[in-house]
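The values are calculated or read from the model by the stated rules, or taken from the named source; none is laboratory data. Source: prediction; values computed, not measured. Every residue, glycine among them, receives a Cβ derived from its backbone with ideal geometry; neighbour counts consider all protein chains shown. Remember, those area values only see protein heavy atoms, side chains included, never the ligands or the DNA or RNA. Shrake-Rupley method; radii C 1.70, N 1.55, O 1.52, S 1.80 Å.
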Amino acid sequence: MRKLITLAIFLFFAIAGFSQANVSQLLCDNLSNPIGIGVSNPTFSWQLKSDKRNVIQAAYEIRVSNDLSHLKKGKSLEWNSGKILSDESVHVIYKGNALQSAKKYFWQVRVWDNYGKASGWSTPAFFQMALLNETDWKAKWIEPGFEDIVGQPSPMFRKQFSSDKKIKSAAVFITAHGLYEAHINGHRVGEDYFTPGWTSYNKRLQYQEYDVTDLIKQGNNAIGVTLGSGWYRGHLAWDNNKNIYGKDISLLLQLIITYNDGSTKTIVSDESWKSTTGSIRSSSIYDGETIDGRLEKTGWTLPGYDDAKWSGVTVENFSNDNLIATINEAATRHETFKPVKIITTPKGEKVIDFGQNLVGWVMLKVNGNEGDKIIIQHAEVLDKEGNFYTTNLRAAKATSTYILNGKGEEFFEPHFTYYGFRYIKVEGIKGNLNPDDFTAVAIYADMKSTGTFTTSNALINQLQHNIEWGQKGNFLDVPTDCPQRDERLGWTGDAQVF
């Protein structure tokens with residue numbers, strides 16, 4: 001009898017739809033917890049989950065607050081949509097109070113299903129606003145305080161500042177004419193590479209926003225930024241084509257610190273900054289990068305560094321009307337590869353095979369004497385005799401050159417260039433190459449995989465593998481035609497095939 005009662009109860013709840021739906025995968029403007037939303041009315045999306053069949057959304061309610069505790073209590077909200085009878089769950093437009101520049105907001109959603117049952121409130125998500133108005137920019141464009149042209153060493157900019165109160169949050173907004181790499185108190189800012197990305201700079205120049213709360217400390221702090229010519233003024237296409245968008249290389253940076261007492265402090269790029277050059281002696285997307293370890297400015301991104309002998313900077317009056325918040329997927333690090341074979345070619349060349357054609361660069365760990373020069377060239381294939389082959393690169397040198405400082409184990413990798421390769425030729429290392437000293441890292445746009453495809457046929461699976469890696473290699477910030485030779489130009493003809 002007890003078993004029959006238990007079974008009856010189970011069937012009742014199953015028929016009545018006892019299982020409660022829940023909400024997950026919250027996205028703001030198609031991104032999970034984005035930083036740098038540049039529109040006044042972002043959109044919200046979510047997914048409904050249930051272990052029952054035939055469950056659909058019949059209504060939703062969204063609430064938004066700039067305070068997480070207020071959000072959870074449902075008070076002091078920037079927006080409460082109320083119960084909306086709709087199955088819409090994609091790109092629901094924000095319709096609350098005006099959102100403020102650089103401010104962080106929290107949001108959550110609950111839904112009612114077609115059985116009339118309400119879900120619980122979702123786990124809160126957040127989004128952080130960019131600088132919505134041109135007048136929000138207080139920073140000034142700065143150039144190095146010395147003569148600088150294409151092919152010269154990468155300029156470095158530095159600013160030391162104090163922060164005397166307890167910090168609640170900090171966000172930095174950065175862009176450049178050229179490419180930038182920023183550090184605060186010795187730590188790299190963000191995980192993105194080749195920022196601010198490649199756009200038609202005269203029409204649209206992206207800036208990036210980073211949450212740097214964990215990098216700022218109470219007391220003395222320092223910011224250091226290195227610039228590369230990149231697509232802005234570096235060589236592009238053929239016939240010594242350079243300075244396409246401008247001849248300058250410049251920085252625009254604004255750091256906003258919010259303290260626990262509600263007050264704020266803003267650090268901007270201006271005439272108070274210092275500039276110099278360091279170990280990056282040349283940097284070109286086509287030709288590669290030369291780094292001289294003897295000229296490294298050790299500790300220059302830390303507070304207390306002596307920059308008395310550095311040059312000042314020049315302030316430029318560039319317009320900000322082309323600035324936009326980032327809308328693309330930035331290039332980031334992905335897979336890494338160790339050598340699968342060390343080869344001595346018929347010509348006697350020392351060659352490393354990484355077993356995969358990829359786009360990125362090689363990280364090198366090395367010991368040697370001061371002034372030792374290590375040259376790494378990159379290639380996709382060997383010729384029919386098994387020798388290193390670079391004819392298909394045309395005029396692109398695709399070479400990393402590293403000069404050692406001789407102070408023990410050294411680590412090298414490029415900053416403002418990339419290569420398409422499977423093989424590298426190494427010169428300057430005496431004796432046998434140690435595979436542990438070389439690591440290839442793939443760098444491409446931070447695309448999310450949405451599915452997989454496999455078959456019982458090994459050749460088809462290899463074809464699919466090649467297609468995926470062809471896409472990865474040609475999606476470094478923008479869709480390109482090739483990632484290795486003196487071209488690497490935006491080209492949607494190949495992209496549409498993918």
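Listed by chain and number, the lysines whose C-alpha is less than 29 Å from the C-alpha of Lys365, apart from same-chain residues fewer than 8 away, are Lys297, Lys338, Lys341, Lys347, Lys350, Lys373, Lys397, Lys407, Lys425, Lys430, Lys472.
Find out how many positive minus negative residues lie around Ala379, taking Lys and Arg as positive, Asp and Glu as negative, among other residues whose Cβ is under 10 Å from that of Ala379. So the surrounding residues net to 0. Take every Cα pair under 8 Å whose residues are at least 6 apart in sequence, average their separation, divide by the length of the chain, and the relative contact order is 13 percent. Roughly speaking, to the nearest percent, how much of segment 146-279's 1.4 Å accessible area is carbon and sulfur? Looking at segment 146-279 in its full context, I get 43 percent from C and S.
Cα axis of helix 2-15 to longest principal axis of the chain: angle in degrees, 0 to 90, nearest 10? With both axes taken from Cα atoms, the answer is about 70 degrees.
Near Glu413: Cβ cut-off under 13 Å, other residues only, Lys/Arg at +1 and Asp/Glu at -1. The net charge is -1. Peptides 352-365, 428-441, 117-130, ordered by how many other C-beta atoms sit within 10 Å of their residues on average, highest first, read 352-365, 117-130, 428-441. Normalised per residue, the accessible area of the chain is 49 Å², obtained with a 1.4 Å probe and no contribution from ligands, DNA or RNA.
With a ≥ b ≥ c the root eigenvalues of the C-alpha gyration tensor of segment 189-255, is it rounded (a/c under 1.5), prolate (a/b larger than b/c) or oblate? It comes out prolate by the Cα gyration axes. The angle between the Cα long axis of helix 458-473 and the main principal axis of the chain comes to about 80°, on a 0 to 90 degree scale.
Straight-line cross-link partners of Lys49 among the aspartates and glutamates, defined as a Cα under 13 Å from its Cα and at least 8 positions apart when in the same chain: Asp113. Using the alpha carbons alone, the radius of gyration of segment 31-184 stands to its Kirkwood radius in an Rg to Rh ratio of 1.13. With a 1.4 Å probe rolled over the protein heavy atoms of all chains, the accessible area of Tyr210, Tyr245, Tyr115 falls in the order Tyr115, Tyr245, Tyr210, largest first.
On the protein heavy atoms, probe 1.4 angstrom, tell me the percent of accessible surface of segment 321-478 carried by carbon and sulfur. Carbon and sulfur together cover 49 percent of it.
Largest accessible area first, the listed residues Glu410, Glu296 line up as Glu296, Glu410 when surface is computed with a 1.4 Å probe on the assembled protein chains. Counting only lysines at least 8 places from Lys103 when in the same chain, those with an alpha carbon closer than 25 Å to its own are Lys72, Lys73, Lys75, Lys95, Lys138, Lys140, Lys159, Lys165, Lys166, Lys168, Lys217, Lys265.
In terms of the mean number of neighbouring beta-carbon atoms within 10 Å, the peptides 80-89, 387-396 order highest first as 387-396, 80-89. Which of rounded, prolate, oblate describes segment 186-339, given a ≥ b ≥ c as roots of the alpha-carbon gyration tensor eigenvalues and a/c under 1.5 marking rounded, otherwise prolate only if a/b is larger than b/c? It is rounded, given that a/c, with a ≥ b ≥ c, falls under 1.5.
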